[in-house]
Amino acid sequence: MRKRVGIIGAGPAGLLLSYLLSLEGIDSLVLESRSRAEVESTIRAGVLEQGTVDLLKKIGLGERMEREGAVHQGIELRFDGSGHRINFHELANGRGITLYAQHEVLKDLIAARLKQEEQPILFNVENVQIAEITSDQPHIHFQHEHEQKELECDFVAGCDGFHGVSRAVIPEQGHHIFSRSYPFGWLGILIQAPPSSKELIYSYHERGFALISTRSPTLQRMYIQCDPLDDIANWSDELILEELQARLESKDQWQLQVGPITQKGIVAMRSFVIEPMQHGRLFLAGDAAHIVPPTGAKGMNLAIADVRHLARAFARFYQQQQTDLLETYSTTCLRRVWRAEHFSWWMTSMLHRFPDDDAFQQRLQRAQLEYTVSSRAASTSLAENYVGLPFTW
Ligand code: APR
Ligand code: PHB
């Protein structure tokens, strides 16, 4: 088998890359270890930046998102029982966010890619191994339907997430890893209930952080800060709802809307970046190269920004025989990556209770929250980062 670009992983990064390359007439094959059904049903985040939405619309992938997604023009920061709205529309020049689940984006991408050509994605592949990545003819070995296969390509795109195999082929020498883990995780639920709020609520509380998000008029997504090593079996539905109610307490008439919890799980939180995001003919994109804690909802948006650059760089290589955009790929992406790393770390630090924090640290957090909601300059900074900086960042 031969394709110009071999893509490992059918997450937002790998699928969007293959779609964008096809629009440029560049052939590729996506190798995915999970089944299509699993990819299309895994619950992840659901906030799309304005630039992500504009890109998906421009390339013909916006139809269902516009119909089923919800545009939000602000968020609420809640502390000391009071809510404070950050008005994106006013502070970020009419820009907003769209709530549309990541797996819905993936369903749209897979359907669109399958319309473009036959078998552009192989699901259920095993033992993916990258070879000769520093030569100009790299190979990918893998198993599919019990047969050993080999894909020859010009380039490999490592879009296989944080636990994939791509990053592991990069030698330590010449690369730097930056990482931070946090002493808490998020317990996330899906709950069949009407929305508890028109917009997302990020709540700082002495019992820990809580977040109200949404998926549809009848399905809501909510999170509470918890011990990252805790067992989900320790959390009954009653306990989760009790904790949400307590952490979102409000002096106003606010009520948590409840119903059956249909899904629950705990995720750990970390920040991580590898520099550069390239080795020989291997280009990393998305979670394979960087992770942010979910507090700023940047993960999927960063993956999309990476592959937008990567698709342009490949197009320039094949159409104009220029390698300049491939050479600057990592530097270009890392500027935006570090901005998002800072924003996500900052939101996380401001809104969570850290087990080792003393009263001094907590007073600093409160001072930061008060400044953020009352200074137009500070609110504007939050708003423009949340809706997403232009792709030129
Ligand atoms: N071989 C083939 N596929 C693999 C391998 C492997 N060895 N390892 C992982 N994969 C697949 C995973 O099954 C997954 O479908 O790669 C895909 C990676 O997708 P994501 O983890 O979604 O990563 P990415 O496309 O970079 O998107 C980042 O998705 O995970 C969220 O929070 C994250 O929002 C962020 C966004
Ligand atoms: C989500 O809806 O899953 C979500 C929303 C906001 C975040 C993280 C996740 O910051």
Discussion item. Nothing charged except the Cβ atoms of Lys and Arg (+1) and of Asp and Glu (-1): what's the magnitude of the dipole of the stretch 80-174 about its Cα centre? Round to the nearest 20 debye.
Written reply: 580 debye
Worksheet, complete the sentence: Excluding ligands, DNA and RNA, the carbon-plus-sulfur percentage of the accessible area of the chain with a 1.4 Å probe reads 48 percent
Fill in: Computed FRET value (nearest 0.05) for residue 231 with residue 124, which takes r as the C-beta separation and R₀ as 35 Å
0.70
Fill in: Relative contact order [Cα under 8 Å, 6+ residues apart], the stretch 184-271, whole percent
44 percent
Worksheet entry | Value of relative contact order over the chain, rounded to a whole percent, pairs C-alpha under 8 Å and six or more apart | 21 percent
Worksheet, complete the sentence: Taking r as the C-beta separation of residue 1 and residue 342 and R0 as 35 Å, the FRET efficiency to the nearest 0.05 is 0.25
Practice prompt. Report the label-to-label distance for residue 356 and residue 180 in nanometres (one decimal), using points 7 Å from each Cα along the Cα→Cβ vector.
Written response: 1.3 nm
Worksheet entry | Heavy-atom surface of the stretch 1-94, accessible at 1.4 Å and reported per residue (Å²) | 40 Å²
Worksheet item: Does anyone have the angle between helix 102-116 and the longest principal axis of the chain? Alpha-carbon axes, 0 to 90°, nearest 10?
Response: 30 degrees
Fill in: Surface per residue (accessible, 1.4 Å probe) for the stretch 280-370, Å²
40 Å²
Item to complete: Taking the Cα centre of the chain as origin, work out the dipole magnitude from +1 charges on Lys and Arg Cβ and -1 charges on Asp and Glu Cβ, in debye rounded to 20.
Response: 940 debye
Worksheet item: Could you give the longest part of the chain that holds none of the GluC sites (Glu not before Pro) found in DSSP loops with at most 11 neighbouring Cβ atoms within 10 Å?
Response: 207-393
Response to the item:
Relative to the chain, whose Cα atoms define the longest principal axis, helix 376-387 and its Cα axis are tilted in degrees, nearest 10, by 40 degrees
Worksheet, complete the sentence: Restricting to Cα pairs under 8 Å and 6 or more apart, the percent relative contact order of the stretch 34-112 works out to 43 percent
Discussion item. Student exercise: in the chain, how many lysine pairs 8 or more apart or on different chains have Cα atoms under 18 Å apart?
Written reply: 7
Item to complete: Would you mind computing, in nm to one decimal, how far apart the modelled labels at residue 371 and residue 67 are, each placed 7 Å from Cα along Cα→Cβ?
Response: 4.7 nm
Worksheet item: So what is the accessible area of the stretch 155-247 per residue, in Å², with the probe set to 1.4 Å?
Response: 46 Å²
Worksheet item: How far is helix 299-320 tilted, in degrees, relative to the longest principal axis of the Cα atoms in the chain, given as a value from 0 to 90 rounded to the nearest 10?
Response: 30 degrees
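The values are calculated or read from the model by the stated rules, or taken from the named source; none is laboratory data. Given the structure is predicted, the values throughout are model-derived calculations rather than measurements. Please note: Cβ atoms are built from the backbone with ideal geometry, for glycine as well, and neighbour counts cover all protein chains shown. Surface areas here come from the heavy atoms of the whole protein model, side chains and all, with no ligands, DNA or RNA. Shrake-Rupley method; radii C 1.70, N 1.55, O 1.52, S 1.80 Å.
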